[in-house]
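Engineer: Could you have a look at this structure, given as structure tokens, before my questions?
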Amino acid sequence: MNPHILTPEVQRYLHEHEAVPPSDIAMQRSPFADVSSLELAQQLDARKRCRKKLPLWYKTPHIYYPEKISIEQASSEATADYKAGLIPPAQRVIDLTGGMGVDAFFFARTAKMVVHCETNQALSRIAQHNAAQLEATQMHFIATDGLTYLTSQADDAFDYLYVDPSRRLGQRKVFRLEDCEPDVVGVQDELLQKAEKNLIKCAPLLDISAAVERLRKVSEVHIVSVDNECKELLLVRSRTFDGIPRIVVAALQGGRTETLTFDITAEKTAVAELGDPERYLYEPDASLLKSGAFKWISQHYGIRKLGTHTHLYTSSQRIANFMGKMFCIDKVVQYADFKKSKLPVQASVTARNFPLKVEALRHRHRIRDGGDGHLFFCAGMGGRLLVIFTSKC
């Protein structure tokens with residue numbers, strides 16, 4: 001951490017050159033003796049990355065931005081705020097893998113106190129400096145390995161424990177809980193000894209059933225999407241829990257949060273009604289698709305599924321509260337008939353349970369991107385290949 005970056009003249013320079021590409025700054029000679037051109041470029045690049053992801057950091061004066069990888073690995077404000085809502089007020093919280101401190105900051109808004117642990121001492125100092133700029137007085141910073149620090153504490157030293165295990169081993173990404181650092185599966189009993197509740201952030205690609213099998217006492221699984229992109233998979237563990245975990249699907253979009261809740265066995269007992277395309281077509285949100293509750297979606301909303309393995313749905317009456325996108329169906333044609341048509345088409349394209357991918361379909365049928373229409377290529381009942389022409393309702 002270079003303190004000279006925080007001087008008024010350097011901060012003024014960064015503000016005035018915000019629109020300049022960081023690569024251009026990196027190639028120029030720095031106007032400051034104690035701050036290199038690479039450091040200036042890094043700060044400018046980080047500011048750009050935080051403008052949408054961390055607007056509070058971006059708007060706050062004298063924020064010191066860490067390296068790019070720390071910003072990439074940090075939670076967004078939207079997901080951090082959601083996680084903070086899972087913890088009741090006035091709790092004692094420890095973040096074992098503090099990183100840039102975004103999650104810990106949002107916890108600290110309502111917590112009694114938050115301990116932020118981070119092995120990277122430079123990053124810990126940066127997080128502590130930024131917390132002061134953000135006036136987060138409830139945060140305490142420990143520049144050490146979180147698990148090592150936790151084992152030195154008494155049982156029940158905290159009410160809630162949060163951990164975001166690193167999913168990178170060297171240059172390789174990993175997804176199994178046992179391969180991440182720290183290995184929460186190997187120390188799961190110790191984690192619940194130190195805090196009655198655990199909140200574990202996992203890779204969105206992690207298999208939910210496998211995670212629940214490996215970790216005992218999982219009471220809730222939260223699947224969080226932002227703007228229809230699945231961002232986080234959260235496991236809540238409770239020392240006193242002994243039952244069937246519930247699934248909470250959360251779709252965050254435009255400052256709004258929409259949720260659906262069902263228990264983990266709901267899909268096994270659900271019955272989906274299949275049917276041909278009717279008046280409306282429904283495409284579930286990414287978080288809802290990640291839940292794997294494909295039959296439950298049909299049963300819950302009272303809508304038909306287009307095929308056993310085609311996760312698109314239809315109805316004759318409009319379902320206003322559907323979690324996902326809704327389209328009006330203009331016409332439906334067999335793919336064999338669509339191939340014979342030589343008319344130019346301009347539309348957005350989605351392929352679901354279809355032999356060809358989107359790019360191959362665009363190339364083969366000369367479908368230009370854009371326009372108001374949306375084509376769905378999918379397999380319908382009996383495996384028939386369909387092309388569904390839709391528009392926004």
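The values are calculated or read from the model by the stated rules, or taken from the named source; none is laboratory data. What you see is a predicted model, and the numbers here were worked out from it, not measured in a lab. Because the Cβ atoms are built from the backbone with ideal geometry, glycine has one as well, and the counts that use them run over all protein chains shown. In case anyone asks, the SASA skips ligands and DNA or RNA and just uses the protein heavy atoms, side chains included. Shrake-Rupley method; radii C 1.70, N 1.55, O 1.52, S 1.80 Å.
Engineer: Out of segment 329-354, which residues are open to solvent by 100 Å² or more (accessible area, probe 1.4 Å) and in a loop (DSSP other than H, G, I, E, B)?
Structural biologist: Once the filter is applied, which keeps residues that are open to solvent by 100 Å² or more (accessible area, probe 1.4 Å) and in a loop (DSSP other than H, G, I, E, B), segment 329-354 yields K342, L343, P344.
Engineer: So how many residues does segment 233-282 have that are assigned to a loop (DSSP other than H, G, I, E, B) and within 21 Å of R214 (Cα to Cα)?
Structural biologist: Number satisfying all stated conditions: 9.
Engineer: Which numbered condition trips up A211, out of (1) open to solvent by 30 Å² or more (accessible area, probe 1.4 Å); (2) modelled with pLDDT under 95?
Structural biologist: Evaluating A211 over (1) open to solvent by 30 Å² or more (accessible area, probe 1.4 Å); (2) modelled with pLDDT under 95 leaves (1) as the failure.
Engineer: Based on this model, can you work out whether L288 counts as aliphatic (A, V, I, L, M), farther than 30 Å from V332 by Cα and either open to solvent by 20 Å² or more (accessible area, probe 1.4 Å) or part of a helix (DSSP H, G or I) (or both)?
Structural biologist: So L288 does not fit the description; no.
Engineer: Can you give me the ranges of the helices (runs of 4 or more DSSP H) entirely in segment 44-92 with at least 3 residues that are in contact (Cβ under 8 Å) with a residue 40 or more places away in the chain?
Structural biologist: In segment 44-92, the matching helices (runs of 4 or more DSSP H) lie at 77-84.
Engineer: Next question, about the same structure. Give the number of residues within segment 179-227 that are outside any loop (DSSP other than H, G, I, E, B), of a type in the set (A, V, I, L, M, F, W, C) and farther than 23 Å from K268 by Cβ.
Structural biologist: 7
Engineer: I would also like to ask the following. So is A286 touching a residue at least 24 places away in the same chain (Cβ under 8 Å) and either under 30 Å from N198 (Cα atoms) or under 15 Å from the mean Cα position of the chain (by Cα) (or both) or not?
Structural biologist: yes
Engineer: Looking at segment 259-279, which of its residues are crowded, with 17+ Cβ neighbours inside 10 Å and either under 15 Å from the mean Cα position of the chain (by Cα) or of a type in the set (V, I, T) (or both)?
Structural biologist: Within segment 259-279, just I264 meets the criteria.
Engineer: Follow-up. If we only count helices (runs of 4 or more DSSP H) wholly inside segment 94-165, which ones have 1 or more residues that are in contact (Cβ under 8 Å) with a residue 60 or more places away in the chain and out of contact with any strand residue (DSSP E or B) (no Cβ under 9 Å at 6 or more places or on another chain)?
Structural biologist: Those helices (runs of 4 or more DSSP H) span 121-133.
Engineer: Let me ask another. Considering only segment 303-325, I want to know if a residue exists there that is open to solvent by 30 Å² or more (accessible area, probe 1.4 Å), of a type in the set (V, I, T), at pLDDT 95 or above and in contact with a Phe, Trp or Tyr (Cβ under 7 Å, 6 or more places away or on another chain).
Structural biologist: For segment 303-325, residues open to solvent by 30 Å² or more (accessible area, probe 1.4 Å), of a type in the set (V, I, T), at pLDDT 95 or above and in contact with a Phe, Trp or Tyr (Cβ under 7 Å, 6 or more places away or on another chain): present.
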